[in-house]
Amino acid sequence: ELSIKQEQERKRRQTEEKRAQQRVKEQEQQKQREAVKYQKEIELLKKLLTQKEKENTIIKQEKEEFEAANHRRRSRIISLQPEEKRARQRAKRQRVKQREAVKY
């Protein structure tokens, strides 16, 4: 009777050990699946980040080009103003000359 109980106990322990090993194995497999999942997420996020950085670079370049064009346009307007002043002064001198010619 004792040996039957000992045999049953031995079998019970073996079964528990197998279950424990199976649990550990399943946990390891789950960890591995999660690691793969997270790795894929990381790769996707890196791609998105790279894409956003490229978009931001393009936007920055477009902004710089726009600002440079504005600067050129503004400096062209500023450079035109002295010419306009000279033209107005010439016209004014001509009117003064015409008035003086009419007086005499």
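So what is the orientation-averaged projected area of the chain, using the convex hull of its C-alpha atoms, in nm²?
Quarter of the Cα hull surface area: 10.2 nm².
Taking springs between alpha-carbon atoms closer than 10 angstrom, which of Lys25, Lys40, Lys54 fluctuates most in the Gaussian network model of the chain?
Lys25
Net charge within 14 Å of Glu62 by Cβ-Cβ distance, Lys/Arg positive one each and Asp/Glu negative one each, not counting Glu62 itself?
-1
Between Glu34 and Thr57, what is the FRET efficiency for a Förster distance of 30 Å, r being their Cβ-Cβ separation, to the nearest 0.05?
0.30
Mind listing the phi-derived Karplus ³J(HN,Hα) values for segment 55-63, rounded to whole Hz, using 6.51, -1.76 and 1.60 with θ = phi - 60°, and x for any glycine or proline?
Once θ is set to phi - 60°, the couplings for segment 55-63 become 4, 5, 5, 4, 4, 4, 5, 4, 4 Hz.
Please build a GNM for the chain, connecting alpha carbons under 10 Å apart, and tell me which residue among Glu84, Glu62, Glu43 fluctuates the most.
Per the Cα network of the chain with a 10 Å cutoff, Glu84 tops the list.
Out of the total accessible area of the chain (probe 1.4 Å, heavy atoms of protein only), what percent is carbon and sulfur?
Accessible surface attributable to carbon and sulfur in the chain totals 52 percent.
Taking only protein heavy atoms and a 1.4 Å probe, what accessible area per residue, in Å², does the chain have with all protein chains in place?
103
For Lys85, go through the lysines and keep the ones whose alpha-carbon is under 28 Å away, minus same-chain ones fewer than eight residues off.
Counting by Cα, and skipping residues close in sequence, Lys85 has these lysines nearby: Lys97, Lys103.
Need the full-extension length gain, Gln98 to Arg10, defined as separation in residues times 0.36 nm minus the C-alpha distance. One decimal, nm.
18.7 nm
Go through segment 21-33 residue by residue and turn each phi into a ³J(HN,Hα) via Karplus (6.51, -1.76, 1.60, θ = phi - 60°); whole Hz please, and just put x for glycine and proline.
Using θ = phi - 60°, the values come out as 5, 5, 4, 4, 4, 5, 4, 5, 4, 5, 4, 5, 4 Hz.
The values are calculated or read from the model by the stated rules, or taken from the named source; none is laboratory data. For clarity, every value in this text was computed on a predicted model and none was experimentally measured. For neighbour counting, all protein chains shown are included, and Cβ atoms are generated from backbone atoms with ideal geometry for every residue, glycine included. In case anyone asks, the SASA skips ligands and DNA or RNA and just uses the protein heavy atoms, side chains included. Shrake-Rupley method; radii C 1.70, N 1.55, O 1.52, S 1.80 Å.
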